[in-house]
Every structure is written in C-alpha cells, then in structure tokens.
1. Any idea what the dipole of the chain comes to, in debye rounded to 20, about its Cα centre with Lys/Arg Cβ at +1 and Asp/Glu Cβ at -1?
2. How high is the relative contact order of the chain, given as a whole-number percent (alpha carbon pairs under 8 Å, six or more residues apart)?
3. State the three equivalent ellipsoid semi-axes of the chain, derived from the C-alpha gyration tensor as the square roots of 5 times its eigenvalues, in descending order and whole Å.
4. 222 nm [θ] for the chain, helices only, -39500 (n - 2.57) per DSSP H run of 4+, per residue, to 500?
5. Using the 10 angstrom Cβ neighbour count as an exposure proxy, how do 269, 180, 197, 39 rank, fewest first?
6. Might you report the magnitude of the Cβ-based charge dipole of region 76-185 about its Cα centre, with Lys and Arg at +1 and Asp and Glu at -1, to the nearest 20 debye?
7. At what distance in angstrom do the alpha carbon centres of region 107-144 and region 220-245 lie from each other?
8. Strictly over 20 Å apart at the Cα level, which of 17/231; 17/104; 17/239; 10/228; 124/172; 124/155 would you flag in this model?
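Read-outs: derived from the displayed coordinates by stated rules, not from any lab. Source: prediction; values computed, not measured. Because the Cβ atoms are built from the backbone with ideal geometry, glycine has one as well, and the counts that use them run over all protein chains shown.
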Amino acid sequence: MKNNVSTFAKMKANGEKISMLTAYDYSTAKIMDNCVNGILVGDSLGNVMLGYEDTLSVTMEDMITFGSAVSRACKNAMVVVDMPFMSYEVSVEQAVMNAGRLMKEARANAVKLEGGVEMCDRIKAITNADIPVMAHIGMTPQSVNAFGGFKVQGKSIDGARKMVEDALAVEKAGAFAVVIECAPTELCEYITEKLTIPTIGIGAGNGTDGQILVYQDMLGLFSDYVPKFVKRYELLGDKMVDAFKQYDKEVKNGSFPDKDHSFAIDKEIIDELRKEEK
Ligand code: KIV
C-alpha cells in the first residue's frame, strides 16, 4: 500500500522520522520509490532541471510534465507535487482549480504550496475539495524577491513569533504536514512540539518530524551553489565526469563498441553485398 496522509500522521504519532527527497523524472523516482517515505516534485526543478536562477518561471505545465513522470514510477512513496509561483496566489478559485489539475493530470497524492497565515483560505478550500495540502513556511523560495535574498528566517523574536503563528495557522486550515525551510534548530523543534501534524525540515535542524533534501544536492550532481544544510552522500557528478570521459576516449580510440555491444551478420551476406558492388 502506497504511503499517504495517514502514514505520515501515524509516523508522527509513533515518533518515527519521515524521510523525503525530491525527484523530477521516471528513472530516478523508480530507484528512489522504495528508499524513502515521500517524494516531492518540487518547483526546485526550475533550478536543477531547467537551469533557472530561481523558481519563479516554473509553470503548471512544467509541474504536470515532471509530476506525472514521477507518479508513474511510484508504487510506495507518497507523491507530493508543488504548486508553482502564481498558480494559487490570485484567488481561492484559482488555487483549487490548479490543485485539482495536479491531482488529475500529474496524478499527485497531495500538493504543496508556500505561505503561512496569508495562504490559509487557499489551504482550507483545497482541503475541502479532498486534496491533501502540505504547507511550506520559513524561507519560502517563491518569495525570494520579497525577502531580499535566500536568508535564514525566524532568528528575531518577531520572526520567530511569525513562524510559530504560520505553523499553527496552516495546521488549523487543514494542512496534513508542513515543510519548514532554513530556520534555527531550536525554533523548529519548538514548532514541532506544538503541532499535531508532521513537520518536514530542510535546513531546519534535527528536531523536526522528518527531513527533505533536493536529490541532486545530496548526490553531488548540482554544483552551481551548495547550501550549508546540504550533506553530500555521494559525489555522483565526479563519477559521471569519469564515465563521460572514458566513453569519449573509447569512441576516439575505437574500443567502443566492441563485439559484446554490437550485432552480427553472416559473413556470406556481406561477401555477397561486396560482390554485387563490383
Ligand atoms: O521545491 C522544492 O524542492 C522544495 C523543497 C526544497 C522543500 O520546496
């Protein structure tokens, strides 16, 4: 049975940590499916898949293309698909319509949207349409221009109070879980204790109910910038460079393809062809 909102709730109740990673394509999601509890098709695809400097240009069509590829691969992990910038801010109606598209067209199990108190009417309406919502507070990348950069949030007393308020508000509005991004460890631990829904941290220390990382970051596949909170579990980028260079060398020296990677034909047929030519 695929993980779902009840699995996440039970895990929090049992004090079990929840693991999530991002994925954006079928092959990667298939490898990841049995390794973690949930997979997020994040709008971080704008950075790591499409090479944008931020997530603002990501469209609903992008989320549906990448989201449906991941959904087709997953039999175990819960698939959460991000609502991209300006797909839910305009009105409650717009938010419900677009959340519905992600469920119908990307076959998401839940959607994620950024924002706290100010997004609660959207969270409530989407939840009322039986679409599970994962909220996202703290350093919300779609607000990079309003924040004046990618900065740790909640360090001042006002900032910390606002984050607690946001967390309580999204829970009350019906979110089944909340991502907290780039915030001090003790604050996230405090919020986690106050909430009944699971908190999923990224750059939020080890006191949250779960963790999420962008998979290219944790595998060393993305080097444009490496945030402080990223732990690299592998350096696959370096391994890929070695493999690409070895391939280039073998193509140039003629050792690839060898007999094992080629198709044979009866010698007589080739002889016949050559004879016909003469
Ligand atoms: O877009 C994304 O990948 C995210 C996670 C980093 C939480 O929102």
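1. Working: 31 positive and 40 negative charges, 126 e Å.
My answer is approximately 600 debye.
2. Working: 508 pairs, mean separation 40.1, N = 278.
Taking the mean separation of contacting Cα pairs over the length of the chain, I get 14 percent.
3. Numbers: eigenvalues 380, 89, 64 Å².
So the equivalent ellipsoid measures 44, 21, 18 Å along its semi-axes.
4. -12500 deg cm²/dmol
5. On the way: 269 9, 180 27, 197 21, 39 30.
Going from sparsest to densest Cβ surroundings: 269, 197, 180, 39.
6. Magnitude of the dipole: close to 160 debye.
7. 31
8. On the way: 17/231 18 Å; 17/104 30 Å; 17/239 31 Å; 10/228 31 Å; 124/172 9 Å; 124/155 28 Å.
Too far apart for the 20 Å limit: 17/104; 17/239; 10/228; 124/155.
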